[in-house]
1. Does Ser41 fit the bill of being modelled with pLDDT under 90, among the hydroxyl-bearing types (Ser, Thr, Tyr) and surrounded by 10 or more Cβ atoms within 10 Å (Cβ to Cβ)?
2. Among the numbered criteria (1) β-branched (Val, Ile, Thr); (2) over 12 Å from the mean Cα position of the chain (by Cα); (3) at pLDDT 90 or above; (4) within 18 Å of Phe70 (Cβ to Cβ), which single criterion is violated by Ile18?
3. Scan (1) surrounded by 11 or more Cβ atoms within 10 Å (Cβ to Cβ); (2) at pLDDT below 90 for the single condition Leu28 breaks and write down its number.
4. Given the conditions (1) at pLDDT below 95; (2) under 12 Å from the mean Cα position of the chain (by Cα), report the number of the one that Ser55 does not fulfil.
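The values are calculated or read from the model by the stated rules, or taken from the named source; none is laboratory data. All values reported here derive from a predicted model rather than from experimental measurement. Ideal geometry is used to build each Cβ from the backbone, glycine not excepted, and the neighbour counts take in all protein chains shown.
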Amino acid sequence: MDIKDVIEAFNVNTISPILLFQASKPLLDKASSPKWMTVSSGAASITRLEQHNASFVTAYGVSKAALDFFTV
């Protein structure tokens with residue numbers, strides 16, 4: 001796994017959504033029924049790597065797993 005791929009995947013799939021959430025948080029705080037959603041994939045599942053054939057997308061998978069952790 002090339003570290004450049006990991007950095008790019010984290011910037012796109014983890015850091016950017018966190019920044020977007022931080023920018024939206026004041027609006028969510030004012031909403032009567034606030035909702036925040038992110039989009040993940042099977043590649044983020046640690047226990048189902050083989051089922052999703054995700055071992056070849058390691059940088060993507062770890063960045064999506066980090067996003068899932070943040071979202072929860």
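1. The answer is yes for Ser41.
2. (2)
3. It fails just one condition, (2).
4. (2)
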